[in-house]
Amino acid sequence: MADIRITGRMVNFSRLTFDTNDHNAIRQQLTQLLQDSTTHGALVILDSTVEQELIALIQLLLDLDLQPMAVIDGLLGDQARAIQFPVLPADNKPLQRIKATQEQVIVETVAEQPKSDESETKAAAPARHIGHITSYHDEILRTGQCLVQDHGDIIVNAGINSGSEVISSGNIHIYGSARGRVIAGAGGNSAARIFCHSLEAELVSIAGTYCVADDIPPHVVKKSVHIYLNENQELEFKALEF
């Protein structure tokens, strides 16, 4: 039996690009960005447009409960190699992240539960505001474009071309041909689902479990499909009948 196995599991990570080497400013901005997000403990790869002290930057990110996993080759490459930290090749043609045509925000107020050792005489803890965002996009997503929603669902009212990418922490609906990469449940939401009018994708993924084009069941190719994770955390493809 082989001692190495390759399994169909995708690692979810975020890319951080730094345009400043002021670590106080970086800490302040990241603290604000992470305050109401679900990215704590997330894997991140690092890129920079300015010179950085890499070891100090890595420590800063660890302090903020992020997990640096690699750097993009460039200004950080030599420092990373010197400490044997992973270096990824620079992108030749990075995807262009575009804005959705429209977004709908639903805010839910959740009261913080007091800790068990807190006195009943203390003031009630402040409420938290949790936002769920649905992004609507009315145009075809073109090759080289990327549509991302970190806090909700995406609805594409046209289709997506090959070489494009849709990434959502929640569900994804594509009312057209899905020819690019469709990634739902980013961040680990295994309840997320994918719906598309015509499945021709290069890759589909839910909560890190993925399937490439060659492995998509033939009977659902170019069909209206509902994709979800079953009890075994395997992708299920169900043709939709109208």
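Read-outs throughout are calculated quantities, based only on the coordinates presented, and are distinct from any laboratory measurement. Computed from a predicted structure; not experimentally measured. Every residue, glycine among them, receives a Cβ derived from its backbone with ideal geometry; neighbour counts consider all protein chains shown.
Okay, here's what the table says:
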{"item": "Estimated dipole of the stretch 138-242 in Debye, rounded to 20 [Cβ of Lys and Arg +1, of Asp and Glu -1, Cα centre]", "result": "180"}
{"item": "Alpha carbon convex hull of the stretch 136-182, volume per residue in cubic angstrom", "result": "50"}
{"item": "The stretch 121-242: radius of gyration and largest Cα-Cα distance (Dmax), Å", "result": "15.9, 64"}
